[in-house]
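No value in this document is a laboratory result; all are computed from the given coordinates. This is a predicted model, so every value here is computed, not measured. Glycine also receives a Cβ, built like all others from the backbone with ideal geometry; neighbour counts cover every protein chain displayed.
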2 protein chains.
Amino acid sequence: MTTQEKVMTTKGVAKRLSKLFKDNKWSEAQDELFCKDAVSIEPAHAAGAGMGSVKGLDQIKKKGEQFNKSVEAIHGGYSSEPVVAGNHIAIAMGIDATYKGKGRQKMDEIIVYEVKDGKIVKEQFFF
Amino acid sequence: MTTQEKVMTTKGVAKRLSKLFKDNKWSEAQDELFCKDAVSIEPAHAAGAGMGSVKGLDQIKKKGEQFNKSVEAIHGGYSSEPVVAGNHIAIAMGIDATYKGKGRQKMDEIIVYEVKDGKIVKEQFFF
């Protein structure tokens, strides 16, 4: 990191995000690409399951840890190539996992990211 | 239309939507693929420009007509291949147009569609 550091374009963020997702480096993607004040928006129907919308990277990471703790085994998953328009990115993603006390579930979602000054300021989930 | 009509899958809707968009058949896409109670969600910053969120296909089509009336000339545009996950579709899209009294503007956006029973029940714009 230098004072000469260039701000990443949205396409650059999309490319890096996609690479980290394909390597299953979810937490690293948050550390590297998210703004510390980023917000995470879940669909209304998900709020009841303890996975509601949160504000701040620390809360987003906490939500990730909670999710990881709920997982017994991951059987498969994928993430699509990103689609980019202006300062937004969309990625499709799926996970096939067994959750503690809940059994095996497949889940597919679209995530939209908003980028500002080279950092992700918002993620919104659709499933 | 027969009582034997099959409900389109989300992938089927995405394929057809993409085809109609590439042919610039926006209004036809709404008539063919949207549920009559569909909702259209605009970003908060767009509401002031008279392009707010609306409910119902008739209101969505009215918004489209208002947009068409505001356009003086279209210079170019594109729509991406759709990304599909579960019952959601994301498409990136751009338009380069001159608007009456406002000059030429390029605009890029992501649109997320929610599909239920083979019809689009929600569109949400990100720009």
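Each residue in A:ASP96, B:ASP31 was given a count of other beta-carbon atoms within 10 angstrom of its own, and listing them fewest first yields B:ASP31, A:ASP96. P(r) for the protein assembly as shown, from all Cα pairs and a bin width of 10 Å, is 7, 27, 34, 22, 8, 1, 0 %, short bins first. In chain A, the calculated helix contribution to ellipticity at 222 nm averages -8500 deg cm²/dmol per residue, counting -39,500 (n - 2.57) for every DSSP H run with n ≥ 4. Per residue, the average separation of C-alpha pairs within less than 8 Å and at least 6 apart gives chain B a relative contact order of 27 percent.
The modelled label-to-label distance between A:LYS116 and A:LYS69, using points 7 Å beyond Cα along the C-beta direction, is 3.1 nm.
Cross-link check: pairs A:LYS36/B:LYS61; A:LYS15/A:LYS61; A:LYS36/B:LYS19; A:LYS6/B:LYS63; A:LYS55/B:LYS63 evaluated at a Cα-Cα cut-off of 29 Å; pairs beyond the cut-off: A:LYS36/B:LYS61; A:LYS36/B:LYS19; A:LYS6/B:LYS63; A:LYS55/B:LYS63.
Distances, shortest first, from the label point of A:PRO43 to those at the same position in the other copies read 2.3 nm; the point lies 7 Å along Cα to C-beta. When B:ARG104 is represented by a point 7 angstrom out along its Cα-to-C-beta vector, the spacings to that point in the other copies are 5.7 nm, nearest first.
Looking down the axis that turns chain A into chain B, the chain A residue with its beta carbon nearest that axis, and the gap rounded to whole angstrom, comes out as A:ALA90, 2. Built from the Cα atoms of segment A:10-126, the convex hull projects on average onto 6.7 nm², one quarter of its surface area.
Counting every other Cβ atom within 10 Å of each residue's Cβ, B:GLU42, A:GLU65, B:GLU32, B:GLU114 order from fewest to most as A:GLU65, B:GLU32, B:GLU42, B:GLU114. Counted over segment B:48-90 with a bin width of 10 Å, the fraction of Cα pairs per bin, in whole percents, is 20, 33, 41, 6.
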